[in-house]
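A short worksheet on the structure shown next.
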Amino acid sequence: RGFAEWGFMSTTGSLGVALDYSGVREGRPLPTVLEVAVGAVDRGACIISLSQYPREVEYLYPPVSFVEPFGDAYVVATEAGPVRVIPVRVGVSGKAMSVEEVVSLKKQLHVQTFEYSVEEVRRGLLELEGEFGPRFATDITHVFDDIDDVGCFLRAYTWTRVVDRIAGECEEIVARHRGVGAAEYHSEGRYRRLVGEMLEVGRMARSKAELYLRDKSMVLFQFLESMGLRDCHRQHIARLRRRLASASEGDGKERSEAALELCKVLGLVVESATERNEHGESVVMVAASEGWRREDIELVCLAGGDPCEVDEKTGRTPMIAAAFNGHTGAVRALAELGADVNTRDDEGKTAVMCAAIGGHADAVR
């Protein structure tokens with residue numbers, strides 16, 4: 001028997017105050033008061049000096065305290081009528097956190113998640129071991145194999161060691177996050193930036209590994225010693241852009257594959273340009289609704305996204321979504337990709353009408 005009080009539980013040391021709160025004066029049926037037995041540990045904190053009602057002699061119990069009846073109930077006669085009194089014990093939760101612990105919890109969860117994600121990155125990179133041998137055999141530094149010191153240095157490099165170095169760079173970023181004060185994790189802008197960097201680290205680590213494996217001009221020891229994660233990520237993106245630019249326009253499959261790989265590295269898609277989020281929105285629909293950059297919208301469509309798709313539930317198109325939200329750049333990009341400005345949704349509205357309803361004159365023009 002009993003119940004858990006999930007919030008703070010306010011009590012009073014004055015029987016008169018408790019009887020007033022019982023509702024007996026208002027004629028409430030079966031007015032009841034709980035009489036708390038106080039123990040050496042299971043007791044509330046007196047906050048009379050903090051209360052705006054000091055006469056109530058308030059005692060406060062922490063959240064998740066368990067209230068359990070014991071003994072027999074009895075009745076107290078008052079001028080307004082009888083009041084039932086139920087003796088109870090209050091079990092104070094040993095799991096209740098202090099204010100400082102609550103403030104630091106967000107940081108703890110973030111750092112633990114980050115540490116786990118780094119281990120996931122490490123395991124993912126180790127799966128590329130089969131590609132390292134053939135690639136390392138072409139490394140230009142092998143011309144120095146006849147020099148004992150350099151040859152020993154090169155032979156000491158295994159893929160596991162390379163992955164450990166990359167993971168070590170990730171762990172340096174984790175350490176920086178660990179050093180950020182707990183209070184900063186409660187700043188929305190700062191926390192958003194920390195989470196964004198945590199999510200980006202996985203892509204950057206993958207980019208560093210891919211850059212060495214794919215770019216034969218990279219020299220391993222120079223690559224590991226002098227190029228950080230972010231620099232490698234940027235270099236890898238630049239390499240993928242060059243690959244996309246050099247792909248033959250006549251070979252649609254090659255261009256689409258190159259565009260999709262670039263979309264993944266940029267974080268625009270997870271696996272496919274046709275995937276949908278938890279709300280059922282396609283990547284192109286999200287891009288149009290949120291006003292992504294023109295280049296990103298074009299890239300997603302080149303990777304397989306459909307600029308002319310029609311939402312099955314509403315009849316809306318990416319063009320209508322972009323116009324309604326006033327994203328002029330997205331409207332122009334979609335128009336150049338073949339989207340029809342005259343398509344109507346299920347309510348009969350075109351993109352121009354939606355732009356006008358939203359008060360977006362630039363999108364109307």
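The values are calculated or read from the model by the stated rules, or taken from the named source; none is laboratory data. Computed from a predicted structure; not experimentally measured. Every residue, glycine as well, gets a Cβ built from its backbone with ideal geometry; the counts of neighbours run over all protein chains shown. Heads up: the accessible areas ignore ligands, DNA and RNA and are worked out on the full protein's heavy atoms, side chains in. Shrake-Rupley method; radii C 1.70, N 1.55, O 1.52, S 1.80 Å.
Structure notes:
- Near Asp306, the amide H atoms lying under 5 Å from its own belong to Val284; only residues 5 or more places off or on other chains count, and H is placed 1.01 Å from N.
- For the range 27-117: relative contact order, % (alpha-carbon pairs under 8 angstrom, 6 or more apart): 31
- Working note: 222 nm ellipticity from helices only, DSSP H runs with n ≥ 4, each -39,500 (n - 2.57), summed and divided by the residues of the chain, gives -15500 deg cm²/dmol to the nearest 500.
- Contact order normalised by residue count of the chain, Cα under 8 Å, 6+ apart, percent: 9
- Tensor-based shape of the chain (alpha-carbon gyration tensor, a/c under 1.5 rounded, otherwise prolate or oblate): oblate
- Taking the accessible area of the chain, probe 1.4 Å, and keeping the other protein chains in place, the carbon and sulfur fraction comes to 53%.
- Once the C-beta distance of Leu30 and Glu336 is scaled by a Förster radius of 51 Å, the resulting FRET efficiency is 0.10 to the nearest 0.05.
- Taken per residue, the accessible surface of the chain reaches 58 Å², heavy atoms only and a 1.4 Å probe.
- In nm, spacing of pseudo-spin labels at Lys313 and Val17 (7 Å Cα→C-beta vector): 5.1
- Taking the DSSP beta bridges with both ends in the chain, the antiparallel portion is around 75 percent.
- Ranked packing of 272-278, 208-214, 168-174, most packed first, by mean Cβ within 10 Å: 208-214, 168-174, 272-278
- Global geometry of the range 274-345, whether rounded, prolate or oblate, following the gyration tensor of its Cα atoms and the 1.5 cut on a/c: rounded
- Cα-based reach from Lys349 at 15 Å (exclusive), listing aspartates and glutamates while leaving out same-chain residues under 8 positions away: Asp311, Asp340
- Qualifying lysines (Cα of each under 25 Å from Cα of Lys216; at least 8 residues distant if same chain): Lys208, Lys253, Lys264
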